[in-house]
Amino acid sequence: MVRPLRGDDREAVKKILEENDLFTPAEIACALEQVDIYINQPEQQDYRLMVVENEEGQVAGFISYGPTPLTEGTYDLYWIAVSPRDQRKGFGRTLIRWLEDKVRQAGGRIILIETSSQPKYEATRNFYKKMGYSEVARVVDFYRPGDDRLIYAKYFDREKKGQ
Ligand SMILES: CC(C)(COP(=O)(O)OP(=O)(O)OC[C@H]1O[C@@H](n2cnc3c(N)ncnc32)[C@H](O)[C@@H]1OP(=O)(O)O)[C@@H](O)C(=O)NCCC(=O)NCCS
């Protein structure tokens, strides 16, 4: 079940970020900052966070996204993560499909995802490609020398025209 994140999900989300052994402390802090904005500033529209529950009703994963400022119909997927114990069970797919439905319903055109070229992100890149996202841009050495910023995208207006 996909539902909006609640204040009492914060610890579960923090645990998911820490257990994945992929994110730096600065990245975890950045993701939790979005969680806190979403929980404490209900009027803001920039960051939207959803969680998916497993069969036991525990938080298996979360997604954060928002409309990209100064664009018409472009959305950023900021964070997606699934607890290691619940990976490869379809929860990541459920979250990303939920977001795509949401964006289509809102008349959105594009979902953008940024990730890193580091080898440890290979599974993540495979996941995005499997979900139908293509690499549309690469900023060489963006994060640090040897670590490129990759931008993946899915276009929904093209999808409608069958392209
Ligand atoms: C990327 C991530 C969100 C995927 O979530 P998930 O619930 O494990 O993914 P799903 O079970 O829905 O997988 C859907 C498909 O993606 C592909 N995929 C997912 N994980 C993969 C992996 N480790 N290696 C290769 N392909 C993978 C598979 O094709 C999979 O379908 P299949 O299991 O039927 O073969 C999860 O692995 C994760 O949290 N990773 C660490 C955090 C992260 O990288 N977040 C993104 C950066 S912000």
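FYI, it's all coordinate maths here, none of it is from the lab. These figures come from a predicted structure and were not determined experimentally. Here the Cβ positions follow ideal geometry from the backbone for every residue, glycine too, while neighbour counts run over all protein chains shown.
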Answer rounded, prolate or oblate for the chain, using the Cα gyration tensor with square roots of eigenvalues a ≥ b ≥ c: rounded when a/c is under 1.5, else prolate when a/b is larger than b/c, else oblate.
rounded
Exposure proxy order (Cβ contacts within 10 Å, fewest to most) of Asp101, Asp148
Asp101, Asp148
13 Å beta-carbon shell around Leu150, net charge (K/R +1, D/E -1)
-2
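In nm, what is the difference between 0.36 nm times the number of residues separating Arg144 and Asp46 and their Cα-Cα distance?
Values: separation 98, 0.36 × 98 = 35.28 nm, distance 2.72 nm.
Additional length available on full extension: 32.6 nm.
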